[in-house]
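Quick notes on the structure that follows.
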Amino acid sequence: MKNLKLAARVTKERTVIKVSDVEVGKDLVVIAGPCSVESEAQMVASAQAVKDAGANMLRGGAFKPRTSPYAFQGLGLRGLKLLAKAGRQTDLPIVTEVIDPRDVSWVAEFADVLQIGTRNMQNYSLLKEVGQTGRPVLLKRGMYSTLEEWLNCAEYILSEGNPNVILCERGIRTFETYTRNTLDLSAVPAIKELTHLPIIIDPTHSTGRVNLIGPMSMAAIAAGADGLIIEVHYNPAEALCDADQALTPVMFADIMARLRPLSAFMNKLPTNN
Ligand code: PEP
Ligand code: MN
């Protein structure tokens, strides 16, 4: 692919990104937590549950890019503070989405990893802004984007001087409507050929169906993915965002137990716990 000066894989060497004690690209990274931060009780309970099950990073959205302007938009700064507190209490690094270039510098003070969502993959001013922080960036694939477009977006971040880009395949739009999106697992080996950057899979937003998350998590690791990002809520029925696709802590723990031997077989070191 032309134009990939920094993202292209030219040697066998792969980028390993350190986030606290987790080495993304080497350790199996499992980022888990609710779609959005809703309250202190919700965040603390979710953080403890995912930690106990073996997740090594905590997710939670404080700024939600919702399809409807009338849907819950996230708690903003208050949400970030609650997420940071839950992260500190459980000793888990935190991953959160940033949707506005004007918020990047102060959100980066809270977040260990800045997430760029699918709807913003080609928001070039946002990409440049996160490229100017030193913070690791989780760059989700645009739901209508090719691998080449996606890697060019990674290049935007890298070319600003931030080498810490983690790619995340979260499903693309196809004619299929049974699943929320179509998980393109072939992106994993393809991306491994094209770039030295690590790639993780989001089985939650790609399938939108609780029963498909376990099997697709296993398939992702078998395909060589460096990790997963999974939505877990302590009471999915009450979730303010993406309630239909959230796992209970028990369901998540069950998937983690099945992933452990597979990730060892795939030569990924087990998670911290
Ligand atoms: C999310 O992670 O909650 C999210 C909004 O993801 P995506 O950008 O992949 O839809
Ligand atoms: Mn979500």
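Computed values, structure above
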read-out	value
Verdict on Val104 being touching a helix residue (DSSP H, G or I) at 6+ places or on another chain (Cβ under 6 Å) and either away from ligand 2 (no atom under 15 Å from the Cβ) or assigned to a loop (DSSP other than H, G, I, E, B) (or both)	yes
Flag for Pro65 being within 16 Å of ligand 1 (Cβ to nearest atom) and closer than 30 Å to Leu158 by Cβ	yes
Single unsatisfied condition, Leu151 versus (1) open to solvent by 40 Å² or more (accessible area, probe 1.4 Å); (2) over 28 Å from Leu83 (Cα atoms); (3) in a helix (DSSP H, G or I)	(1)
Lone qualifier among Leu139, Leu82, Leu77 - being out of contact with any Gly (no Cβ under 6 Å at 6 or more places or on another chain) and in contact (Cβ under 8 Å) with a residue 40 or more places away in the chain	Leu82
Tally, over the range 192-217, of residues that are of a type outside the set (Asp, Glu), more than 16 Å from ligand 1 (Cβ to nearest atom) and either surrounded by fewer than 22 Cβ atoms within 10 Å (Cβ to Cβ) or in a helix (DSSP H, G or I) (or both)	6
Test: residue in the range 2-13 that is of a type in the set (Val, Ile, Thr) and either within 16 Å of ligand 1 (Cβ to nearest atom) or modelled with pLDDT of 95 or more (or both)	no
Looking only at the range 71-80, and only at residues there that are open to solvent by less than 60 Å² (accessible area, probe 1.4 Å) and in a helix (DSSP H, G or I), the one that is farthest from Ala108 (Cα to Cα)	Gly79
Ser46 vs. criteria among the hydroxyl-bearing types (Ser, Thr, Tyr) and open to solvent by 30 Å² or more (accessible area, probe 1.4 Å)	no
Members of the range 46-70 that are within 16 Å of ligand 2 (Cβ to nearest atom), farther than 19 Å from Val24 by Cβ and either not hydrophobic (A, V, I, L, M, F, W, C) or not in a loop (DSSP other than H, G, I, E, B) (or both)	Ser46, Gly61, Lys64, Pro65, Arg66, Thr67, Ser68
Every residue from the range 182-191 that is open to solvent by 10 Å² or more (accessible area, probe 1.4 Å) and either assigned to a helix (DSSP H, G or I) or under 25 Å from Gly61 (Cβ atoms) (or both)	Thr182, Leu183, Asp184, Leu185, Pro189, Ala190
Close pairs (7 angstrom Cβ cut-off, 6 or more residues apart or separate chains): within 16 Å of Phe252 (Cβ to Cβ) in the range 195-224, modelled with pLDDT under 95 and open to solvent by less than 20 Å² (accessible area, probe 1.4 Å) anywhere	Ile221/Ser263
Criterion violated by Ile229 - all others in (1) part of a strand (DSSP E or B); (2) β-branched (Val, Ile, Thr); (3) under 20 Å from Ala264 (Cβ atoms) satisfied	(3)
Within the range 7-41, tally of residues that are more than 17 Å from Lys192 (Cβ to Cβ) and either in a loop (DSSP other than H, G, I, E, B) or over 19 Å from the mean Cα position of the chain (by Cα) (or both)	9
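The values are calculated or read from the model by the stated rules, or taken from the named source; none is laboratory data. In this text the structure is predicted, and so the values were computed from the model without any measurement. Methodologically, a virtual Cβ is constructed for each residue, glycine included, from the backbone with ideal geometry; neighbour enumeration extends over all protein chains shown. The protein model used for the area step is the full one, side chains on, heavy atoms only, and it has no ligands, DNA or RNA in it. Shrake-Rupley method; radii C 1.70, N 1.55, O 1.52, S 1.80 Å.
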